[in-house]
1. What's the number of the condition R312 fails, among (1) basic (K, R); (2) surrounded by fewer than 18 Cβ atoms within 10 Å (Cβ to Cβ); (3) outside any loop (DSSP other than H, G, I, E, B)?
2. Using beta carbons and a limit of 6 Å, which pairs, at least six apart or on different chains, have the first residue in the stretch 506-518 and assigned to a helix (DSSP H, G or I) and the second one crowded, with 17+ Cβ neighbours inside 10 Å and among the aliphatic types (A, V, I, L, M)?
3. Does at least one position in the stretch 251-266 carry a residue that is open to solvent by 10 Å² or more (accessible area, probe 1.4 Å), of a type in the set (A, V, I, L, M, F, W, C), touching a residue at least 24 places away in the same chain (Cβ under 8 Å) and assigned to a loop (DSSP other than H, G, I, E, B)?
4. Could you tell me whether any residue of the stretch 462-483 is open to solvent by 10 Å² or more (accessible area, probe 1.4 Å) and polar (S, T, N, Q)?
5. Which of the residues spanning the stretch 76-131 are among the β-branched types (V, I, T), assigned to a loop (DSSP other than H, G, I, E, B) and modelled with pLDDT of 95 or more?
6. With the structure loaded, tell me whether R323 is under 17 Å from G411 (Cα atoms), out of contact with any helix residue (DSSP H, G or I) (no Cβ under 6 Å at 6 or more places or on another chain) and not polar (S, T, N, Q) or whether it fails that test.
7. Of the conditions (1) touching a Ser or Thr at 6+ places or on another chain (Cβ under 8 Å); (2) over 18 Å from R407 (Cα atoms), S334 clears all except one; give me its number.
8. Condition first: exposed (fewer than 15 other Cβ atoms within 10 Å of the Cβ), under 21 Å from P457 (Cα atoms), of a type outside the set (D, E, K, R) and touching a residue at least 24 places away in the same chain (Cβ under 8 Å). Can you find one or more residues in the stretch 205-214 that meet it?
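The values are calculated or read from the model by the stated rules, or taken from the named source; none is laboratory data. For clarity, every value in this text was computed on a predicted model and none was experimentally measured. Every residue, glycine as well, gets a Cβ built from its backbone with ideal geometry; the counts of neighbours run over all protein chains shown. Ligands, DNA and RNA are excluded from the accessible area calculation, which covers all protein heavy atoms including side chains. Shrake-Rupley method; radii C 1.70, N 1.55, O 1.52, S 1.80 Å.
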Amino acid sequence: MLISQGHTMALRSQVGPSYCIRSKNIKCMVDCSFVSNIGNRMDASKMKDTRVNFPSLPLKATRTMQRLHLGSSSVQYKRGHRVIVAAGPPTEDAVIDTEPLTKENLVAYLASGCKTKEKWRIGTEHEKFGFEIKTLRPMKYEQIADLLNGIAERFDWEKILEGDNIIGLKQGKQSVSLEPGGQFELSGAPLETLHQTCAEVNSHLYQVKAVTEEMGIGFLGIGFQPKWGLKDIPIMPKGRYEIMRNYMPKVGSLGLDMMFRTCTVQVNLDFSSEVDMIRKFRAGLALQPIATALFANSPFTEGKPNGYLSMRSQIWTDTDNNRAGMLPFVFDDSFGFEQYVDYALDVPMYFVYRNKKYIDCSGLSFRDFMSGKLSPIPGELPTLNDWENHLTTIFPEVRLKRYLEMRGADGGPWRRLCALPAFWVGILYDEVSLQSVLDIIADWTPEERQMLRNKVPKSGLKTPFRDGLLRHVAEEVVKLAKDGLERRGFRESGFLNEVAEVVRTGVTPAEKLLEMYHGKWGQSVDPVFEELLY
């Protein structure tokens, strides 16, 4: 990404110790993405002969990153496939680190995500509810296992097992995983264009339907389970979810609803440097309420309107505020990779994965783990894989790993699965549009950003903001996204048609559902299962 020299210098003075200010400072012979979700396919045998140098990092941190890259290749890659932490049991280090991890190592891990613009990719993830066509009841695990086995056998996916249970699939850089209540998730491959993204979604839905139509199963594209209560939702046999299920009621009133009754779509995007990461992180956080409004699609709970347009978004406000929210510190002058590490170190842990088992460490500190003071495994020190796993248990509106995740949108029908990455790619992957957004949000106060986060789940684009409505800002932002896509030169702007119609009319998807509920549906939610059927 091209950044004006003046802007770069101004930001450089603000971000403290710089690990990735310019991408050329970190020579990533393997695109800085050796185990990243947004990376390039590599053959494990070639990786062993590849050296990775991080001249801008302290020597100790550089050695750690080389160890992570060289030593764990046999674990992270198998016949060209990467292991997805979210899809199955976490990876375990293949190399015994002789030196304890330092904070520098953790910072270096995030910094290793930097990659030059031509290597930026788009990773899309979406969740959906499976249900029995005849009864509308949620799929049971046994049905899901049949579905996973069917897809694996017909379409050449590898199975992911936890004990004797199939819990996911992988094929190349795509994976299929199960959320706690059986929500079915595709984690897409890192792709270059939105045309590839939409083709991937279509291919996945074709494969799913090919198997489920014979089973009498359908899939629903919505942000919150519209008909069934918590007691009706099956529990998936995954160890990490048992730990979370026991912990959630201790830290918020809606955590179990989040686990078992929500579905989202998100997009994962790259950055070139620490400065680039900061700019994208700030733009993403400030605009996340707009994305929530544009994609609001969860107005029903247990058969009735729930008073919200995005119940999914509302649920996150009281799930676990130690690990969710708008992260106001991202807008501090001192923000950078190191400050995110400091934040993540203080987010309470869920688990440690050892000897193919989850060890409950809920509520304990990764800082204590770094000192060998984790009470369930006293004296044991974390590996970089432990750090990678811990980062997957943090849930802010935008999440930093070795890429940025935009997390504010409800699940929806397939056209919207293509529209969300289009919205964010048009803004964040185009320098002109990104700078325009940063100019728009430059004087937004922390209180205003939080106000939007709090009110949008209920009032959507009609949320009052300054002298108008949020809809007026959204119109401007969607125009910037469209301009950004057109400058990319891939003829991708048509994927924004879904959200362009929302800002044109000011009517969110949830409000359309409510209109049908009060009209032709005769105050029944059952027709939504056909309306939003994939």
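1. All conditions are met except number (2).
2. A510/A296; A510/L309
3. The answer is yes; a qualifying residue exists.
4. For the stretch 462-483, residues open to solvent by 10 Å² or more (accessible area, probe 1.4 Å) and polar (S, T, N, Q): absent.
5. T102, T116
6. Judged against the criteria, R323 is not a match.
7. Result: S334 passes all but (1).
8. Looking for residues that are exposed (fewer than 15 other Cβ atoms within 10 Å of the Cβ), under 21 Å from P457 (Cα atoms), of a type outside the set (D, E, K, R) and touching a residue at least 24 places away in the same chain (Cβ under 8 Å), one finds none in the stretch 205-214, hence no.
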